[in-house]
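Here the structure is laid out as structure tokens; the discussion comes afterwards.
The values are calculated or read from the model by the stated rules, or taken from the named source; none is laboratory data. Just so you know, these numbers come straight off a predicted model, no measurement behind them. Virtual Cβ from ideal backbone geometry, glycine too; neighbours counted across all protein chains shown. What goes into the accessible areas is simple: the full protein's heavy atoms, side chains included, and nothing from ligands, DNA or RNA. Shrake-Rupley method; radii C 1.70, N 1.55, O 1.52, S 1.80 Å.
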Amino acid sequence: MKQAYEDMSGKIIGGLEAGGTKMVCGISDTAGVMQSRILIPTTTPEETIPHMIDYFKKWKIEALGIGCFGPIDLNKKSPTYGTIMRSPKKEWSGFNIVRAFEDALHVPIGLDTDVNGAALGEVTMGAAKGCDTALYITIGTGVGVGVYCNGALVHGLVHPEGGHILIQKRTDDTFEGCCSRHPNCVEGLASGVAIAKRWGKKADQLADQPLVWEMEADYVAQAIANYILMYSPQKIVLWGGVMHRKELFPMIRERVQKLLNGYVCHSQIETDIDHYIVTPGLGENAGLTGAVLLGVLALKGDGYVI
């Protein structure tokens, strides 16, 4: 982080972790220390955006980084760059979040997905520091996967949608899935919403139900095994509201090993998986820290790499 802020004396950077239920706004000083952090409920753009603009104006920021829920257009050559596309949050579909802040603040804006932002935070300052390929996976209301590969955040035709990879449904699971597009994707079977709909209770009310967590661990492990085979990450950071149940971690690690069945020949998976699939080093601030770093990149210019 200190390297990222080199030659930026006196600069104040804003960060926005834009989520479907809440907006987390923060201010970082030149040492990378958060000076302020607020939460604003996500309602409609007309209600939510002005509160955030007022907050960032008060601090007189010189750049803003946004890690945003999606799908979102990240192609800077696209006429719809910065637009939230076909979101389940219907009020936000078609809303250009970059333009809204550019027009109001007149500062450089950095943009990526919320989970890519969290991945950037973790490889820069957190549990994946020093890795050139790592994943940040969040299992909460939805499922998201941030991908940092060969020293850069991954984009492409659009951006990774790892929460919607298809997995094998268990024979003892009669739940139809909660994703409107895919009956057997990770989000549809393993998200917090899926847990609540399948069992008729929220996750925090199911602590004493072993089958709930056996099934959850299986589905999450299936996804992680696929991510390992696709990206070969040096570290997997796993978090989100569902993963606050710490007993899930050993179950998931053991299941990943069984699913891979010795195919990936590396000690980190075979004998040291406890230090391979880990909680975030930045805790709940991974996304906000990553957003600030996106602001740093915007201020430094497209050619700068943290």
Spin-label zone in region 76-94 - amide nitrogen under 17 Å from a point set 7 Å from the Cα of LEU157 along the C-beta vector: 85-86
Choice from ALA203, ALA119, ALA221 showing the highest fluctuation, given a GNM over the chain with Cα pairs closer than 10 Å: ALA203
Derived scalar couplings ³J(HN,Hα) [region 109-126; Karplus, 6.51 cos²θ - 1.76 cosθ + 1.60; whole Hz; x for Gly, Pro]: 10, x, 9, 7, 5, 4, 6, 5, x, 4, 4, 4, x, 6, 6, 8, 10, x
Point-charge dipole on Cβ atoms (K/R +1, D/E -1) for the chain, about Cα centre, debye to 20: 300
Residue-count net charge about VAL154 - beta-carbon cut-off 13 Å; Lys, Arg +1, Asp, Glu -1: -3
Euclidean distance between Cα centres, region 238-306 to region 42-60, Å: 31
Calculated [θ] (222 nm, deg cm²/dmol) that DSSP helices of n ≥ 4 give over the chain, each run adding -39,500 (n - 2.57): -10500 deg cm²/dmol
Two-site label geometry, ARG86 and LEU39: point separation in nm, points 7 Å out along Cα→Cβ: 3.1
Length gained when the stretch TRP199-LEU211 is fully extended (0.36 nm per residue, less Cα-Cα span): 3.3 nm
Under 5 Å, built H, 5+ apart or other chain: amide partners of LYS235: LEU135
Within a Gaussian network of the chain (alpha carbon springs, distance under 10 Å), most fluctuating of PHE69, PHE249, PHE175: PHE175
Ordering of 133-140, 44-51 by burial proxy (mean other Cβ atoms within 10 Å per residue, highest first): 133-140, 44-51
In order through region 194-209: 3J(HN,Hα) via Karplus (6.51 cos²θ - 1.76 cosθ + 1.60), integer Hz, x for Gly, Pro: 4, 4, 5, 6, 5, 9, x, 9, 6, 4, 6, 9, 10, 4, 9, 10
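Taking only protein heavy atoms and a 1.4 Å probe, what accessible area per residue, in Å², does the chain have with all protein chains in place? The partial results should precede the final answer.
Values: 14210 Å² over 306 residues.
For the chain, the solvent-accessible area averages 46 Å² per residue.
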Greater than 27 Å apart at Cα, pairs in LYS60/LYS300; LYS202/LYS246; LYS22/LYS258; LYS89/LYS129; LYS22/LYS90: LYS22/LYS258; LYS89/LYS129
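Take the Cα gyration tensor of region 47-167, multiply each eigenvalue by 5, square-root it, and list the three semi-axes largest first, rounded to whole angstrom.
Equivalent ellipsoid semi-axes, largest first: 24, 18, 14 Å.
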Part-to-part distance (alpha-carbon centres) for region 70-112 and region 154-168, which is given in Å: 19
Charged-residue dipole, Cβ positions (Lys, Arg, Asp, Glu), region 129-203 about Cα centre, Debye nearest 20: 280
Separation in nanometres of the label points that stand 7 Å from Cα toward Cβ, at TYR263 and LYS11: 4.3
Scattering curve values for region 21-91, log₁₀ I(q)/I(0), Debye with Cα scatterers, q = 0.16, 0.20, 0.27, 0.28 Å⁻¹: -0.69, -1.00, -1.29, -1.31
Tilt relative to the chain, helix 248-260 - C-alpha long axis, 0 to 90 degrees, to 10: 70
Length released on extending from LYS22 to MET230, taking residue separation times 0.36 nm less the Cα-Cα span: 71.7 nm
Whole-percent carbon and sulfur share, accessible surface of region 152-252, 1.4 Å: 53
Sulfur and carbon atoms: percent of accessible area, region 57-131 [1.4 Å]: 52
Label assignment, Cα extents along the principal axes in Å derived from the structure, set (i) 55, 41, 35; (ii) 92, 43, 28; (iii) 110, 52, 29: (i)
Under 19 Å from the Cα of LYS58 - lysines, other chains or at least 8 residues apart: LYS11
Selected from ASP29, ASP73, ASP173 as most flexible by GNM, with the chain as the system and alpha-carbon contacts under 10 Å: ASP173
